[in-house]
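For reference, the structure is listed below as structure tokens.
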């Protein structure tokens, strides 16, 4: 009957469902055991102490976590040296310093920061591990400014090293107070050098004057000891720049570069000019057609040139161009007097240059102009400058009228 058949089918479906559920449960249990065994093998080697398994029923309902303690893996037995065999013995390592050949002068010397050691071979110590803190400390030390004891200064410009050349303008425009001021600053700079540092000085106009008026073969650095600086002071203040003509530093720059100093200081108060005839008294790489900038560009490859534009602003552009070519510096040093006084003195100086361009006071017109300007200076209270103007006339045979005027001015100055 239909009702009996329906009941039989329902009973068979329930039996089949129970059998399927048992199969799923047995399969899940076997898989869990296999996973547990695999985890024990894999994780046990890394020394993990606990393994956590999450079991789920077919109903997707989460069971509580089960903590299973695991034994840590035994530590591997250390191998003895007898178990290690090498095909050949290791070579012995030497920790002796390694010589490294370097160029005698480095491009970094253009920046002025120089060691001044003058050595072509340095030693590299055996490398040691450093911490981050030590690395930062070393980086800061590398960027630090060198010690003041290893530098030279001149009118605020400074350079680092051991050997320095100073080139000083000795043209007629430097006569008097201007020349004395430059000399005073130069001596002060030399006095600040250490005895182990060295210097050399060149004077220039249209001629080049070597330190101590020595021969060309005598050009060499001398230690900056008190005795040497005092000897140089006496020689420097004894120079008579009134006898010089023009402003041409080419030969002096050439000689300075040949000494291979750590830096060169160049002081000038005027724009450069060439003599009418090119007849240098000593060998030089400068040619008649070479400008000062061209010569510097040719020969100053690693030596910084620090320029001082002295009291006359018009000379600063030319000097600054030289410093740019060499990686040096340029400073304008203004006059000490107030602007109004300086304008007055500059006008008188320009007027005197027009009448007496050579600064010798040989012609009658030059003598007369010098006396007139000196008289103006005395009236304005510039007795020292007035003495500088008439000083060149002291050994001249003047006409009687000019001689009387000279004596009158000298009397006013001495009052």
**Fill in**
For the range 148-333, the Cα convex hull volume per residue in Å³ comes to 104
**Prompt:** How compact and how long is the range 210-270, expressed as Rg and Dmax of its alpha-carbon atoms in Å?
**Reply:** 12.9, 33
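What fraction of the Cα pairs in the range 339-414, stated in percent, has a spacing above 16 angstrom? Before the final figure, lay out each step's value.
Details: 1235 of 2850 pairs.
Of all Cα-Cα pairs in the range 339-414, 43 percent lie more than 16 Å apart.
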**Asked** Taking the Cβ-Cβ separation of residue 291 and residue 395 as r and a Förster radius of 35 Å, what is the calculated FRET efficiency to the nearest 0.05?
**Response** 0.45
**Prompt:** Arranged by the count of other C-beta atoms within 10 angstrom, fewest first, what order do 196, 157, 323, 414 take?
**Reply:** 414, 196, 323, 157
**Message:** As a footprinting exposure proxy, order 413, 26 by other Cβ within 10 Å, with the fewest listed first.
**Reply:** 26, 413
**Asked** Which length gain, in nm to one decimal place, applies between residue 279 and residue 321 when the Cα-Cα distance is subtracted from 0.36 nm times their residue separation?
**Response** 12.5 nm
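Compute the semi-axes of the equivalent ellipsoid of the range 234-327, taking the square root of 5 times each eigenvalue of the Cα gyration tensor, and list them largest first in whole Å.
Sorted largest first and rounded, they come to 20, 17, 15 Å.
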**Residue-span extension gain [residue 299 to residue 271] - 0.36 nm each, minus C-alpha spacing** = 8.0 nm
**Asked** At what distance in angstrom do the alpha carbon centres of the range 362-389 and the range 243-309 lie from each other?
**Response** 32
**Asked** What is the ratio of the Cα radius of gyration of the range 274-351 to 2.2 N^0.38 Å, where N is its residue count, to two decimals?
**Response** 1.39
**Complete:** Here, residue 342 and residue 30, labelled 7 Å along Cα→Cβ, have an inter-label distance in nm of 10.6
**Asked** Listing 382, 212, 199 from the residue with the fewest other Cβ atoms within 10 Å to the one with the most, what is the order?
**Response** 212, 382, 199
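Bear in mind these aren't lab numbers, they're just calculated from the coordinates by the rules spelled out. This structure is a prediction, so every number in the text was calculated from the model and none was measured. Quick reminder, even Gly has a Cβ in these numbers, built from the backbone with ideal geometry, and neighbours come from all protein chains shown.
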